[in-house]
Amino acid sequence: GTEISGARVFVESSDGTGPLPYQDSVSITRSATTATVTHTAHGFETNQYVVIRGANEEGYNKVAQITVTGANTYTYAVDGGLATPATGSPVSSGVLVYGLTDVNGEVSDSRTLSTNQPVKGWVRKSTSSPLYKTALINGTVSSANGATFTATMISDE
């Protein structure tokens, strides 16, 4: 029943039935500290977040805020020493919420979705006391009504 400030919240698409990509296969190259992702018909907008997984080079695998450079490409920041192109089997998924809860224990995002979007994610607070274990989030964001999720967190101290 207590609001938790400063908890990290991460909510991503959970399957391919909604408007956001889910584990779409991508290719990634790097120039200096910019990774360029080739992602066919991604549908993202600049400043949205994606989660990249599956690259052998760990520096590519992250939640990243992107800059859209074309209908099939976007960029994000990486360390300059990564091998290029990325190897392995990199995939990209859309992120709906990525941020810290405010003093009221809330974090939000505002966008319009063309259809309902199944989502999954977590909330955790592990960098400063009081510490809490990870709580899972699952559900669907309605294209008509949005969604509200409540996570019950357990102390980890």
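Brief remarks on what is shown
- Candidates G88, G105 - the one that is of a type outside the set (A, V, I, L, M) and modelled with pLDDT of 95 or more: G88
- In this entry, N56 is excluded by the filter for residues that are modelled with pLDDT of 95 or more and open to solvent by less than 60 Å² (accessible area, probe 1.4 Å).
- Scanning the range 26-55 for residues that are closer than 24 Å to K120 by Cα and outside any strand (DSSP E or B) gives V26, H39, T40, A41, H42, G43, F44, E45, T46, N47, Q48.
- Scanning the range 63-101 for residues being under 16 Å from T38 (Cα atoms) and either open to solvent by 40 Å² or more (accessible area, probe 1.4 Å) or within 19 Å of the chain's Cα centre (by Cα) (or both) gives a total of 24.
- Some residue of the range 6-29 being out of contact with any Gly (no Cβ under 6 Å at 6 or more places or on another chain), without any contact (Cβ under 8 Å) to a residue 24 or more places away in the chain and open to solvent by 40 Å² or more (accessible area, probe 1.4 Å): yes
- The range 141-157: number of residues that are of a type in the set (S, T, N, Q), in a loop (DSSP other than H, G, I, E, B) and open to solvent by 60 Å² or more (accessible area, probe 1.4 Å): 4
- The set of residues in the range 102-140 that are more than 15 Å from the chain's Cα centre (by Cα) and not in a loop (DSSP other than H, G, I, E, B) comprises K125, Y132, K133, T134, A135, G139, T140.
- Whichever residue in the range 113-127 is polar (S, T, N, Q) and under 16 Å from R8 (Cα atoms) and, among such residues, is most open to solvent (accessible area, probe 1.4 Å): T127
The values are calculated or read from the model by the stated rules, or taken from the named source; none is laboratory data. This structure is a prediction, so every number in the text was calculated from the model and none was measured. Backbone-built Cβ (ideal geometry, glycine too); neighbour counts: all protein chains shown. These accessible areas exclude ligands, DNA and RNA; they are computed on the full protein's heavy atoms, side chains included. Shrake-Rupley method; radii C 1.70, N 1.55, O 1.52, S 1.80 Å.
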